[in-house]
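Heads up, the thing below is written out as structure tokens.
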Amino acid sequence: MKVRATVICELDRHVLLVRKPRCRWSLPGGKVEPGETTAGAALRELQEETGLDADNLLYLMELESGGTRHHVYEASVPNLEQARPQNEIIDCIWHPLETVDNLSTSEATRQIVKAFRRRL
């Protein structure tokens, strides 16, 4: 099973989503490297994909979907408005939490966002 660190950044009931070329929208995150903690992977992936540095992470949940175990963190980031696509990411958007289902996303992204909305 693949292990992934996934990050939620929320601002005014909008969530930060990223997209690689010819791919669906997703939450920032990626593979946990050997010897890396899931929290370390979450911080690294957020910085690599959006240029954002988190002050703090809150572990929210674990979700298994499609052969991947997602370790989901909420990031506290002081400069959220400065998110910019980096590296393999071609676009990032702030999308309303309530309408993420209207986008082309994975089932895992929809489930994570739905669970996150319930805790707000």
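The values are calculated or read from the model by the stated rules, or taken from the named source; none is laboratory data. None of the values given here were measured: they were computed from a predicted structure. Here Cβ is always computed from backbone atoms with ideal geometry, including for glycine, and neighbour counts include all displayed protein chains. To get the accessible areas, we keep the full protein, side chains included, count just its heavy atoms, and leave off ligands, DNA and RNA. Shrake-Rupley method; radii C 1.70, N 1.55, O 1.52, S 1.80 Å.
Some observations on this one:
- S106 meets each of the listed conditions (1) touching a Lys or Arg at 6+ places or on another chain (Cβ under 8 Å); (2) farther than 18 Å from C23 by Cβ; (3) small (G, A, S) apart from (2).
- Selection within segment 11-38 - under 14 Å from R69 (Cα atoms) and out of contact with any helix residue (DSSP H, G or I) (no Cβ under 8 Å at 6 or more places or on another chain): T37, T38
- Residue tally, condition crowded, with 17+ Cβ neighbours inside 10 Å and assigned to a strand (DSSP E or B), over segment 96-120: 1
- Within segment 1-59, if we keep just the residues that are among the polar types (S, T, N, Q) and open to solvent by 70 Å² or more (accessible area, probe 1.4 Å), the residue that is farthest from the chain's Cα centre (by Cα) turns out to be T37.
- Every residue from segment 60-93 that is of a type outside the set (G, A, S), on the phi < 0 side of the Ramachandran plot, without any contact (Cβ under 8 Å) to a residue 40 or more places away in the chain and open to solvent by 50 Å² or more (accessible area, probe 1.4 Å): E62, P78, Q82, R84, Q86
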